[in-house]
């Protein structure tokens, strides 16, 4: 088949139960190799029985070549992705890096906003100067102004000496304002002035200083809605949002999950001098089914957890955190689970010679669904070898 027997609907490889995305290679009549992103969705009738697969294709060859180029640059070393949405982000990084325009990155927690900001800095002419990140939501309101802009000796209790702020420390380089939506209104005013004039005032100082630093901001909130709620200045929003970059959540690019898992496994192997760690098809299938609300950061945590629990250097479903078993959507996953009966499952496994993937196809359910059933009925059905 066109998928190369990679998808869960016709092969043995890990994939989603009801919807899967894969990157595949094809050769045209002229002998040219093209890279396609295939999206496959299981079709079910009103009785929840499988009757076919709907597949669509997107040519991502050009974006893939960009990804290869990106991976040759150190700054992209920790940004993993082959999904076309992430390749488009890579394209934006390379496009905007040569310019000093403000960039605003929007994405959920754990999607890698700071990594993207760092990549822009490393690809720019400022890469020899500091990259200074600061989480605007992690500092008390009374300290954030001093932390960003600095203060002079005696400006407040405890100010025993002059202090440079993060903007000064980023001189010639880039300052990254994470969770910028959490800035207090009075600090927003000073940030706006810096973006307009390139000058700032230290706390307690009557004079201004000029600082040359590119501003990259980020938030997991919708800044437009924050403007509507009068929590964020509209004029500052337009100053920051000159170049918007959106990082998609992992649930929108699930074909990146195997790449991310492999990436984090290699990091663990290198750091702790471990032998090669593999992931069983059943474990990968469960990970592909998970919605990953914590995004890439959650994948890293799960891989770290599983490598501690696993034996013989193979991660199996029982090595994964328990919540992964229960993360599937109720409508699409619990229905098939309720249909299963112990007798029919035992018979399907017997006919499949113990192969769970084949048994799942015999039963007309996804592999992750079957494994959840087995996990919940371990007293009735012994695990296969």
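Scan 129, 159 and give me the residue that is modelled with pLDDT under 85, part of a loop (DSSP other than H, G, I, E, B) and either over 18 Å from residue 204 (Cβ atoms) or in contact with a helix residue (DSSP H, G or I) (Cβ under 9 Å, 6 or more places away or on another chain) (or both). Can you show your working first?
Details: 129 fails: modelled with pLDDT under 85.
Result: 159 is the single residue among 129, 159 that is modelled with pLDDT under 85, part of a loop (DSSP other than H, G, I, E, B) and either over 18 Å from residue 204 (Cβ atoms) or in contact with a helix residue (DSSP H, G or I) (Cβ under 9 Å, 6 or more places away or on another chain) (or both).
What's the total number of residues in the stretch 271-284 that are surrounded by 15 or more Cβ atoms within 10 Å (Cβ to Cβ) and in a loop (DSSP other than H, G, I, E, B)?
The qualifying residues number 2.
Can you pull out every residue in the stretch 203-221 that is more than 12 Å from residue 167 (Cβ to Cβ) and at pLDDT 95 or above?
Within the stretch 203-221, 216, 217, 218, 219, 220, 221 meet the criteria.
Of the conditions (1) under 28 Å from residue 228 (Cβ atoms); (2) surrounded by fewer than 19 Cβ atoms within 10 Å (Cβ to Cβ); (3) out of contact with any helix residue (DSSP H, G or I) (no Cβ under 8 Å at 6 or more places or on another chain), residue 153 fails just one. Which one is it?
Evaluating residue 153 over (1) under 28 Å from residue 228 (Cβ atoms); (2) surrounded by fewer than 19 Cβ atoms within 10 Å (Cβ to Cβ); (3) out of contact with any helix residue (DSSP H, G or I) (no Cβ under 8 Å at 6 or more places or on another chain) leaves (1) as the failure.
Could you tell me how many of the residues in the stretch 209-244 are under 19 Å from the mean Cα position of the chain (by Cα) and surrounded by fewer than 21 Cβ atoms within 10 Å (Cβ to Cβ)?
Adding up the residues that qualify gives 4.
For the stretch 194-227: of the residues being assigned to a helix (DSSP H, G or I) and touching a strand residue (DSSP E or B) at 6+ places or on another chain (Cβ under 9 Å), which is nearest to residue 144 (Cα to Cα)?
194
Collect the residues in the stretch 162-183 that are assigned to a loop (DSSP other than H, G, I, E, B), buried (at least 20 other Cβ atoms within 10 Å of the Cβ) and within 29 Å of the chain's Cα centre (by Cα), keeping them in residue-number order.
If the condition is that a residue be assigned to a loop (DSSP other than H, G, I, E, B), buried (at least 20 other Cβ atoms within 10 Å of the Cβ) and within 29 Å of the chain's Cα centre (by Cα), then 170, 183 are the ones that fit.
What's the number of the condition residue 268 fails, among (1) in contact (Cβ under 8 Å) with a residue 12 or more places away in the chain; (2) within 16 Å of residue 81 (Cβ to Cβ); (3) in a helix (DSSP H, G or I)?
Unmet condition: (2).
Condition check ((1) modelled with pLDDT under 90; (2) closer than 24 Å to residue 252 by Cα; (3) touching a helix residue (DSSP H, G or I) at 6+ places or on another chain (Cβ under 9 Å)) across all residues:
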position: 277; (1), (2), (3): no, no, yes
position: 295; (1), (2), (3): no, yes, yes
position: 304; (1), (2), (3): no, yes, yes
position: 311; (1), (2), (3): yes, no, yes
position: 330; (1), (2), (3): yes, yes, no
position: 337; (1), (2), (3): yes, no, yes
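So, in the stretch 75-104, exactly how many residues are more than 22 Å from residue 291 (Cβ to Cβ), touching a helix residue (DSSP H, G or I) at 6+ places or on another chain (Cβ under 7 Å) and not in a helix (DSSP H, G or I)?
5
Kindly check whether there is at least one residue in the stretch 255-267 that is modelled with pLDDT of 95 or more, surrounded by fewer than 17 Cβ atoms within 10 Å (Cβ to Cβ) and more than 25 Å from residue 94 (Cα to Cα).
no
For the stretch 190-207, give me each residue that is out of contact with any helix residue (DSSP H, G or I) (no Cβ under 8 Å at 6 or more places or on another chain) and in contact (Cβ under 8 Å) with a residue 40 or more places away in the chain.
Answer for the stretch 190-207, where residues must be out of contact with any helix residue (DSSP H, G or I) (no Cβ under 8 Å at 6 or more places or on another chain) and in contact (Cβ under 8 Å) with a residue 40 or more places away in the chain: 204, 205.
State all residues of the stretch 132-156 that are part of a loop (DSSP other than H, G, I, E, B) and in contact with a strand residue (DSSP E or B) (Cβ under 6 Å, 6 or more places away or on another chain); if no residue qualifies, say none.
136, 150, 155
Residues to consider are 295, 301; find the one that is under 25 Å from residue 95 (Cβ atoms) and not assigned by the TED database to the domain that holds residue 96. Before you say what the answer is, go through the steps one by one.
Values: 301 fails: under 25 Å from residue 95 (Cβ atoms).
Just a single option satisfies the conditions, and that option is 295.
The values are calculated or read from the model by the stated rules, or taken from the named source; none is laboratory data. No experiment lies behind these values; they were computed from the predicted model shown. Glycine also receives a Cβ, built like all others from the backbone with ideal geometry; neighbour counts cover every protein chain displayed.
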